[in-house]
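One structure below.
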Amino acid sequence: MPTASNEPQGYIDLFNDVYGKKLGCKTKTLYLIKQNPLYAEIRSKILSADLIYVGGGDTVKMMEIWRSYKVDECLKEAYEAGIVLSGLSTGSICWFKYGHSDSDSFRNKDGWWDYKQVDGLGHKS
């Protein structure tokens, strides 16, 4: 799920090359920015996975997008079904109640920014 990095094709191609071609995994990408999927498609894709991998990027933006599509609810259902949830950076922060994020750096590249607390999936919003 490359939501936090704005779904760059190069990142997705590299992931598919390593995990799909080299390691023999069947990969699927859930696009939430470049496409406008229906809830049924999102839920089906998430719950049919053996493992969900979330990449890094803007934690605040990703959590807002996820909540708008109810991805957060689907991921909680995936967790309860025993699907492995993983990721790096934003993809590791998101699973907890709160995380320490540099999301402001994505919006203010030339000026001052600070780390901020971000509500993750463990937070009831």
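Laboratory data are not the source of any read-out in this text; all were calculated from the coordinates shown. This is a predicted model, so every value here is computed, not measured. FYI the Cβ positions are ideal-geometry reconstructions off the backbone, even for glycines, and counts take in every protein chain you see.
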Filter segment 83-109 for residues that are of a type in the set (A, V, I, L, M) and either buried (at least 16 other Cβ atoms within 10 Å of the Cβ) or within 12 Å of the chain's Cα centre (by Cα) (or both); the one that is nearest to Glu7 (Cα to Cα) is Leu88
For segment 37-53, pairs from a residue that is of a type in the set (D, E, K, R) to a residue that is part of a helix (DSSP H, G or I), with Cβ under 8 Å and 6 or more apart or across chains, are Arg43/Cys74; Arg43/Glu77
Condition met for Val54 (within 16 Å of Ser103 (Cβ to Cβ), in contact with a Lys or Arg (Cβ under 8 Å, 6 or more places away or on another chain) and not acidic (Asp, Glu)) = no
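Out of Gly99, Gly91, Gly24, report the one residue that is within 16 Å of Leu121 (Cβ to Cβ), not hydroxyl-bearing (Ser, Thr, Tyr) and not in a helix (DSSP H, G or I).
Numbers: Gly91 fails: not in a helix (DSSP H, G or I); Gly24 fails: within 16 Å of Leu121 (Cβ to Cβ).
The match here is Gly99.
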Scanning segment 1-21 for residues that are under 19 Å from Lys76 (Cα atoms) and not in a helix (DSSP H, G or I) gives Met1, Pro2
When restricted to Leu47, Leu23, the only residue within 20 Å of Ile83 (Cα to Cα), surrounded by 12 or more Cβ atoms within 10 Å (Cβ to Cβ), of a type in the set (A, V, I, L, M) and more than 11 Å from the chain's Cα centre (by Cα) is Leu47
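From the list Tyr11, Tyr53, exactly one residue is farther than 23 Å from Gln117 by Cβ and in contact with a strand residue (DSSP E or B) (Cβ under 6 Å, 6 or more places away or on another chain). Which is it?
Working: Tyr11 fails: in contact with a strand residue (DSSP E or B) (Cβ under 6 Å, 6 or more places away or on another chain).
The match here is Tyr53.
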